Structures are given as structure tokens and as C-alpha cells.
Amino acid sequence: MMMGREENKNPVPGILFAAPKSGSGKTLITCGFLRALIKRGLHPCSFKCGPDYIDPMFHRHVLRIPGANLDSFFLDEEEVEKNFNRTFLKNGADIAVIEGVMGYYDGIGGIHTQASAYDISRITRTPVILILDGKGASLSLAATVKGFAGFRPDSRIEGVILNRTSPAVAARLAKQIEAETGIPVVGSLPEAPEYSFESRHLGLFLPGEIDSLCRRLEYLAEQMEKTVDIDRILSIAGAGEVNRAESGEADHAGLAEFIIAGESAGGKKVRIAVARDEAFCFYYQENLDLLEAQGAELVNFSPLHDKELPGDVDGLILGGGYPENYAGELSENTEMLRSIREAWRQEIPVLAECGGFLYLHDRLEGSDGIDYPMAGIYKMRAFRTGKLGRFGYISLTSPDGANLKGHEFHYWESEEPGEAWLAEKPASERKWRCIHQDGARVCGFPHLYYLSAPSFTEQWLEQCRSWSRERKKKRI
């Protein structure tokens with residue numbers, strides 16, 4: 001059932017951890033594997049399937065591993081592979097580790113494989129380790145493996161890990177699974193409080209939290225070295241086989257397109273203030289890389305801790321995050337709120353999405369249920385709904401006809417979410433109006449994936465340059 005590795009391999013060595021469903025242990029085992037590789041002196045690059053911000057943020061800030069998202073709804077197949085190869089090469093990695101999303105074949109609308117972990121494995125030609133939750137199951141796990149491996153002829157499932165399974169039970173089951181399916185069981189992970197961690201509303205971790213998580217990951221990596229065949233997974237991944245010349249050719253071609261886009265706008269650096277702290281932390285690394293390639297100098301600042309915007313900036317980006325969890329502190333930083341209002345009065349170009357959009361409201365209901373004054377740009381209230389609103393992928397059309405991909409994911413709502421753009425759900429007839437736009441100021445709930453339409457950010461950065469030139473003329 002296993003695919004011929006030589007016929008289908010990507011020059012980038014990699015492994016994808018998938019599972020039949022969410023909650024099977026993908027994140028736990030991916031993080032433990034990454035930590036084990038670091039302890040061995042390897043330099044992994046991590047990827048997350050789908051539009052998730054949390055796991056890539058966890059990898060960057062806790063494990064200190066660079067990476068990106070891989071999403072075949074946001075990008076076509078060729079661009080997904082370019083993004084994969086480019087990120088791997090740019091970071092000097094020696095193995096790519098991809099964490100799947102939901103169940104292995106779960107894609108758009110729950111009835112398609114597009115944008116599933118399987119789709120990413122197929123596009124990047126990466127072998128897969130299927131993680132099974134062994135608690136409360138035994139021989140039925142063999143049927144699960146057989147079904148998943150045979151559901152598509154190019155499943156690329158080349159190994160199995162039994163999670164929440166003792167080594168003794170795993171040893172007995174492994175023989176039966178391998179006999180029934182021909183797919184090796186490459187290890188198991190027993191349940192243990194020393195390295196378990198619950199899903200949570202993450203955000204950026206405080207130093208004490210990072211220290212605690214690092215200790216748990218140390219325990220986890222040590223356990224995986226005992227009960228998971230790391231060497232065999234590396235062999236399945238093709239680690240050590242990378243042909244850098246071959247992968248580099250595709251990589252530099254893709255990167256050159258972004259550099260050319262920046263040069264076509266004049267090649268002049270434009271300073272963009274980017275909100276980055278505990279409250280504003282949802283950014284796709286690819287979005288930031290694209291902005292820089294198009295000529296942006298990104299200047300981070302903290303709406304929580306700084307007293308004013310960075311000096312001499314030409315544009316402002318307020319990303320998503322958790323302003324509702326820090327509403328009191330954000331409201332008390334009146335100097336920063338005043339600085340934001342003054343920049344807005346001067347008509348600075350702004351991109352604000354989800355949490356950043358909430359911050360611009362007159363009032364924001366915090367997680368504690370109290371309303372707090374915010375920037376007051378939009379004279380309305382943002383409030384908790386108690387349920388997830390408009391969850392999932394969307395295709396977006398701007399007033400000037402630009403087409404972007406994005407997603408929405410929020411429990412807070414606005415009294416007026418805007419109506420300048422059109423949002424449409426894939427594999428559905430559902431559509432709605434969203435986003436406030438006033439020239440170069442685009443603010444609303446959708447999270448935008450810039451690589452889906454590089455011309456959008458190219459145009460926005462040019463608007464930032466124009467605004468800067470006009471401001472300098474007024475000073476003269």
C-alpha cells in the first residue's frame with residue numbers, strides 16, 4: 001500500500017503527522033518530535049496545515065523553530081509547493097515537519113479533500129505518520145489504518161504511532177497492525193501528566209509559562225526517544241537525502257517574483273508599524289515575508305506596553321489576537337490610544353483585522369464582561385456573542401475587484417462589521433458583506449492571506465508611500 005518513495009519524493013526531506021480526527025495527539029507528538037530533533041542537533045522547520053495561527057506561534061515562541069502555514073485553499077498547488085520549499089531553504093533546515101489539521105482527509109466543507117492534510121501531503125510529496133489514539137481500542141486500530149491507507153491510492157501513510165498506549169500493549173498491537181496492513185508501527189506514547197498539556201487560548205506566553213512548557217517538552221522528547229523509533233521516522237522522511245540545488249531552483253524562482261513586485265513599486269523602503277504583543281499576535285509569517293519582499297520595513301510596537309506609535313511610520317497594521325483578554329490594560333494605555341487616534345486623523349493607511357478591528361471600536365466588552373473605552377475610531381461597541389461566528393474559509397472581493405482568500409474565526413461581534421467587501425463561503429451559497437474601507441484603510445473581521453493576492457499588498461504599500469510623500473510636502 002505504500003507509495004514508491006523514489007518515484008514521488010520531494011527533494012525536501014519531510015514528515016507529516018496526521019490523525020483520523022482532532023484530539024488524537026497530533027500537536028503533542030509533533031512538538032515532542034521537534035524537540036527530540038533539536039536535542040539531536042538537527043535544524044527542523046515546522047509547518048501547519050490550514051489557517052491555524054496557534055501551533056505555528058507555539059513552535060516559534062516556545063520551541064524557537066521557524067515555519068509557515070501550508071494551505072491549498074489560500075494558494076494553488078504550485079504556490080503551496082513553492083511556499084514549502086522556499087521556507088525550508090530560507091531557514092537552512094535539514095528536515096521539514098508538518099502538523100496536519102483535523103482528520104487526515106477533512107477538507108473544505110467537510111466533503112472535499114481540498115485543503116486537508118492529505119492534500120498538503122500530496123502536493124508536497126511528503127510521507128505521513130498516522131497517529132492513532134489507542135485509549136479504548138485495540139485490534140480495531142488495524143482496521144482504521146487499513147481504511148485510511150486505502151481510502152486514496154496515494155495516501156502516503158508510511159508509519160503509525162499509537163498515542164495513549166502503553167509500550168506493552170503497543171508491542172502486541174504492532175504485530176497485528178503490521179500483519180494486517182503492511183504499514184509499520186514506529187512507536188507509541190503512553191499517557192503521562194509530566195508532558196501532557198491542554199488546548200488553551202494561547203496568545204504569547206509569559207516567561208514563566210514558557211519555562212514550564214519547555215520542561216514538559218523535555219519530558220516528552222525523552223519519552224519519545226524511549227518508545228518512538230525516531231531514526232526510522234527520519235529514514236521515512238528521507239532526512240539526509242535533500243538535493244539543495246534542485247529544491248533551491250524552485251525556491252529562488254518563487255522568491256524572485258515577490259522581490260520583483262517590490263521593485264516595481266519603486267524599490268523604496270516604507271516603514272510599517274506592526275502591533276505585536278500578547279494582545280496582537282496573529283500573523284502569518286508568509287504575510288510578513290511578502291511585505292518585506294515588496295519593500296516594507298516592519299517596525300514592531302506594543303499597544304499594551306508602548307506609549308505611542310513608532311516614529312516616522314508610513315502605515316499601520318493591527319493584526320488579530322486577544323484584545324478582549326487585555327481590554328483593561330489596553331484601555332488604561334491612554335497615551336497609545338491617543339497616538340492611534342492622531343495617526344488616524346492624519347489619514348495614515350491602516351490594515352486591521354479581527355482583534356485589531358475590535359481595538360479601533362469606541363467600546364470593547366472584555367473577557368470579564370466589562371465594557372472598556374478603546375481607540376474610538378469606529379463609534380460603536382464590540383461585544384461577546386458566546387458562540388463562534390462565521391467560522392472558516394472565505395473568498396473576498398474588494399470594492400475595486402481584488403480577490404483575496406482568508407478566513408474568519410471570532411467569538412466577538414461588532415454593532416457594525418462593515419459592508420465594503422463581499423465574503424463568500426466555498427462549497428456553499430452563503431455570502432455576506434463585511435469590512436470597512438476608506439481608501440487605504442481596510443478594517444474588519446476577516447484574516448487576509450496576502451500571498452493569495454500579492455498585488456493587494458503591493459498597491460497598499462504604494463498608498464503608504466504616497467501618503468508619506470504628501471505628509472512630507474505639508475511639512476515643507
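For (1) modelled with pLDDT of 95 or more; (2) of a type in the set (A, V, I, L, M, F, W, C); (3) in a strand (DSSP E or B); (4) open to solvent by 30 Å² or more (accessible area, probe 1.4 Å), each residue gets a yes or a no:
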{"residue": "MET2", "(1), (2), (3), (4)": "no, yes, no, yes"}
{"residue": "ASN10", "(1), (2), (3), (4)": "no, no, no, no"}
{"residue": "LEU37", "(1), (2), (3), (4)": "yes, yes, no, no"}
{"residue": "SER46", "(1), (2), (3), (4)": "yes, no, yes, no"}
{"residue": "PRO51", "(1), (2), (3), (4)": "no, no, no, yes"}
{"residue": "PHE58", "(1), (2), (3), (4)": "no, yes, no, no"}
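When we screen SER414, SER428, SER466 for residues that are at pLDDT 95 or above, open to solvent by 30 Å² or more (accessible area, probe 1.4 Å) and either over 30 Å from PHE84 (Cβ atoms) or of a type outside the set (Lys, Arg) (or both), the only hit is SER466.
Does at least one position in the range 47-56 carry a residue that is farther than 27 Å from VAL185 by Cβ and hydroxyl-bearing (Ser, Thr, Tyr)?
Yes, the range 47-56 contains a residue that is farther than 27 Å from VAL185 by Cβ and hydroxyl-bearing (Ser, Thr, Tyr).
From the list LEU255, LEU234, LEU189, the one residue that fits, being more than 25 Å from the chain's Cα centre (by Cα) and either modelled with pLDDT of 70 or more or not basic (Lys, Arg) (or both), is LEU189. Based on this model, can you work out whether LEU451 counts as modelled with pLDDT of 95 or more, closer than 28 Å to THR113 by Cβ, open to solvent by less than 30 Å² (accessible area, probe 1.4 Å) and assigned to a helix (DSSP H, G or I)? Yes.
Listed here are the residues, each with its yes/no results for (1) basic (Lys, Arg); (2) at positive phi; (3) out of contact with any Ser or Thr (no Cβ under 6 Å at 6 or more places or on another chain); (4) part of a strand (DSSP E or B).
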| residue | (1), (2), (3), (4) |
| --- | --- |
| LEU316 | no, no, yes, yes |
| GLU324 | no, no, no, no |
| GLY328 | no, no, yes, no |
| SER331 | no, no, yes, no |
| TRP344 | no, no, yes, no |
| GLY356 | no, no, yes, no |
| ARG363 | yes, no, yes, yes |
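Here the range 68-84 is the region considered, the condition is being open to solvent by less than 10 Å² (accessible area, probe 1.4 Å) and touching a residue at least 60 places away in the same chain (Cβ under 8 Å), and the residue that is nearest to ILE120 (Cα to Cα) is ASP71.
The values are calculated or read from the model by the stated rules, or taken from the named source; none is laboratory data. Just so we're clear, the structure is a prediction, and the values are computed from it rather than from any experiment. Positions of Cβ are backbone-derived with ideal geometry, glycine not excepted, and every protein chain shown enters the neighbour counts. Protein only, heavy atoms only, side chains kept; ligands, DNA and RNA dropped before computing areas. Shrake-Rupley method; radii C 1.70, N 1.55, O 1.52, S 1.80 Å.
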